[in-house]
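A.B. asks: So that we are looking at the same thing, I have put the structure below in structure tokens.
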Amino acid sequence: MKYFASYHNNKFAAIFLSAALLLPLLNACGSSGASSDSAADAQGSAASGENGVVYVYNWGEYIDPDTLASFEEETGIRVVYDEYETNETMYPKVASGATQYDVICPSDYMIQKMIENDLLQPLDYDLLPNAVANIGAQYYEQAEGYDPGNLYSVPYCWGTVGILYNRTMVSDPVDSWSILWNEKYRDNILMQDSVRDAFMVALKLNGNSMNTTDPGELEAAKQLLIEQKPLVQAYVVDQVRDKMIGGEAALGVIYSGEAIYTQQENPDLEYVVPKEGTNVWIDGWVIPKNAPDAENAHKFIDYMCRADIALKNFEYITYSTPNDAARALIEDESIRNSPIAFPDLNDYSNLETFQFLGDEMDRLYYELWKQVKSE
């Protein structure tokens, strides 16, 4: 995804946004074009295409449209494709059952929430040979934190959150979240306008877990963010990328996939995972419990796990692929071995994946974030 604050991904909308536009992605051949209500409009009518329809709900700009066209051509299954901007706008639509989808691509913590609320069905890995053969074992292991046993999800994209900085504007070493509290860079710091991402930075700097439920640790993180606020140029999402490319800020909190893109546009930019640790996020394919066609859903997921297709999607969205077979096909060695796109997680400490902490804790995080923003 070229942007997205899924907490991450990608991903450019704030967490807990109460409403957002669901923008259509037009298929390259036109057959998969869909409005925000395309699935609802299509369901209840006769399925067209030789082998029926698969209803897909995904982040915006988070797939190469050509892969949808090739899937249709190769399988005879028509793709009806809707987009969402945040996990929080996706969840109630799926939970209500008003519109049924075959395949969705939530983030780690949201997958956990959907599992706990009995909204997903277990996957049949006999129907997913590419997912078994091509997705690296380390990514399945990372996913165990929110999907024990990997029963409900297949990793699609992953990455880290770190600091992007402009070497021509920053004279100090950048290896700690603490530089985002350096008075020298007043009005040149960009923070993510996302409650969990912002609190992750402060919690990690304080040596706490980003999944803490301790009120005292959360209060201390809130105070740290309030202290930082006079130094912050803006709390943004997609604008981190654009502002950093344009040299409008010296430092910004950003997702690794975005960092890859920004470096292509501005060679003065560098990306660092701070020594205190960070978020390792994963977005994965899942099948809702009420999916109209689970068989076609499995076919779609397995197709996206094919090495050549996963490579096309990686090249299109620039977010790291967990598909080891696709990575092996990357011709540019600097990208194939990029420490940003494919970091060795053993080189870092205190890495965590966001977890769903329960609705009550969600409300507490949100209330504390409102207090930070209102100061």
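A.B. asks: With a cut-off of at least 2 residues that are among the polar types (S, T, N, Q) and more than 16 Å from Trp285 (Cβ to Cβ), name the helices (runs of 4 or more DSSP H) lying wholly within the range 69-142.
C.D. replies: Output list reads 87-96.
A.B. asks: Return the residue satisfying two criteria in turn: it lies in the range 52-71 and is over 13 Å from Asp82 (Cβ atoms), open to solvent by 10 Å² or more (accessible area, probe 1.4 Å) and not aliphatic (A, V, I, L, M), and of such residues it is farthest from the chain's Cα centre (by Cα).
C.D. replies: The residue in question is Gly52.
A.B. asks: Would you check which residues across the range 212-248 are closer than 15 Å to Val161 by Cα and surrounded by fewer than 22 Cβ atoms within 10 Å (Cβ to Cβ) and list them?
C.D. replies: Asp238
A.B. asks: Kindly establish whether Phe314 is touching a Phe, Trp or Tyr at 6+ places or on another chain (Cβ under 7 Å), crowded, with 18+ Cβ neighbours inside 10 Å and of a type in the set (A, V, I, L, M, F, W, C).
C.D. replies: So Phe314 does not fit the description; no.
A.B. asks: Checking Gln263 against (1) in contact with a Pro (Cβ under 9 Å, 6 or more places away or on another chain); (2) of a type outside the set (D, E, K, R); (3) open to solvent by 10 Å² or more (accessible area, probe 1.4 Å): exactly one of these is not met. Which one?
C.D. replies: Answer for Gln263: the failing condition is (1).
A.B. asks: Another question, if that's okay. Restricting the search to the range 317-336, which residues are part of a loop (DSSP other than H, G, I, E, B), at pLDDT below 95 and surrounded by 21 or more Cβ atoms within 10 Å (Cβ to Cβ)?
C.D. replies: Thr318, Tyr319
A.B. asks: Moving on to the next point. Give the residue, chosen from Lys275, Lys312, that is out of contact with any Gly (no Cβ under 6 Å at 6 or more places or on another chain) and assigned to a helix (DSSP H, G or I).
C.D. replies: Of Lys275, Lys312, the one residue that is out of contact with any Gly (no Cβ under 6 Å at 6 or more places or on another chain) and assigned to a helix (DSSP H, G or I) is Lys312.
A.B. asks: List every residue pair whose Cβ atoms sit under 7 Å apart, with the two residues 6 or more apart in sequence or on different chains, where the first one lies in the range 163-183 and is charged (D, E, K, R) and the second, anywhere, is open to solvent by less than 40 Å² (accessible area, probe 1.4 Å).
C.D. replies: From residues that are charged (D, E, K, R), the pairs are Asp172/Ile179; Asp175/Val272; Asp175/Pro274; Glu183/Leu231.
A.B. asks: Another question, if that's okay. Determine whether the range 345-355 contains at least one residue that is assigned to a helix (DSSP H, G or I) and hydroxyl-bearing (Ser, Thr, Tyr).
C.D. replies: no
A.B. asks: Sort through Tyr156, Tyr152, Tyr165 and tell me the only one that's touching a strand residue (DSSP E or B) at 6+ places or on another chain (Cβ under 8 Å), outside any strand (DSSP E or B) and either over 30 Å from Arg327 (Cα atoms) or among the hydroxyl-bearing types (Ser, Thr, Tyr) (or both).
C.D. replies: Result of the check over Tyr156, Tyr152, Tyr165: Tyr152.
A.B. asks: Let me confirm something: among Lys289, Lys275, which residue is more than 30 Å from Ala39 (Cα to Cα) and surrounded by fewer than 18 Cβ atoms within 10 Å (Cβ to Cβ)?
C.D. replies: Just one listed residue meets the conditions, Lys275.
A.B. asks: Sticking with this structure for a sec: Tell me the residue from Ser334, Ser320 that is within 30 Å of Ala69 (Cβ to Cβ), polar (S, T, N, Q) and in contact with a strand residue (DSSP E or B) (Cβ under 8 Å, 6 or more places away or on another chain), please.
C.D. replies: Ser320
A.B. asks: Can you name the number of the only condition in (1) open to solvent by 50 Å² or more (accessible area, probe 1.4 Å); (2) touching a strand residue (DSSP E or B) at 6+ places or on another chain (Cβ under 8 Å); (3) within 30 Å of Glu217 (Cβ to Cβ) that Asp193 fails?
C.D. replies: All conditions are met except number (1).
A.B. asks: Being at pLDDT 95 or above and within 21 Å of the chain's Cα centre (by Cα) is the filter; apply it to the range 263-278 and report the residue that is nearest to Tyr57 (Cα to Cα).
C.D. replies: Once the filter is applied, the top-ranked residue is Thr278.
A.B. asks: Residue check: is Ser45 open to solvent by less than 10 Å² (accessible area, probe 1.4 Å), more than 20 Å from Phe314 (Cα to Cα) and modelled with pLDDT under 70?
C.D. replies: Spelling it out, it is not the case that Ser45 is open to solvent by less than 10 Å² (accessible area, probe 1.4 Å), more than 20 Å from Phe314 (Cα to Cα) and modelled with pLDDT under 70.
A.B. asks: If you don't mind, another one. Provide a single number: the residues in the range 168-201 that are under 16 Å from Tyr109 (Cβ atoms) and outside any strand (DSSP E or B).
C.D. replies: The qualifying residues number 7.
A.B. asks: Quick check, is Gly284 closer than 30 Å to Leu203 by Cα, of a type outside the set (Ser, Thr, Tyr), more than 17 Å from the chain's Cα centre (by Cα) and open to solvent by less than 10 Å² (accessible area, probe 1.4 Å)?
C.D. replies: Criteria not met by Gly284.
A.B. asks: Could you check, for the range 78-95, whether at least one of its residues is closer than 15 Å to Lys289 by Cβ, modelled with pLDDT of 95 or more and β-branched (Val, Ile, Thr)?
C.D. replies: yes
A.B. asks: Still on this structure, please answer the following. Within the group Glu258, Glu227, Glu217, which residue is over 15 Å from Leu190 (Cα atoms) and of a type outside the set (S, T, N, Q)?
C.D. replies: Matching residue, one of Glu258, Glu227, Glu217: Glu217.
A.B. asks: Here is a follow-up. Filter the range 287-305 down to the residues that are under 20 Å from the mean Cα position of the chain (by Cα) and under 14 Å from Ile104 (Cβ atoms) and list them by number.
C.D. replies: Listed by number, the residues that qualify are Ile287, Pro288, Phe300, Ile301, Met304.
The values are calculated or read from the model by the stated rules, or taken from the named source; none is laboratory data. Note that this is a predicted model, so its numbers are computed, not measured. Ideal geometry is used to build each Cβ from the backbone, glycine not excepted, and the neighbour counts take in all protein chains shown. Please note that ligands, DNA and RNA were not included when accessible areas were found on the heavy atoms of the full protein model with its side chains. Shrake-Rupley method; radii C 1.70, N 1.55, O 1.52, S 1.80 Å.
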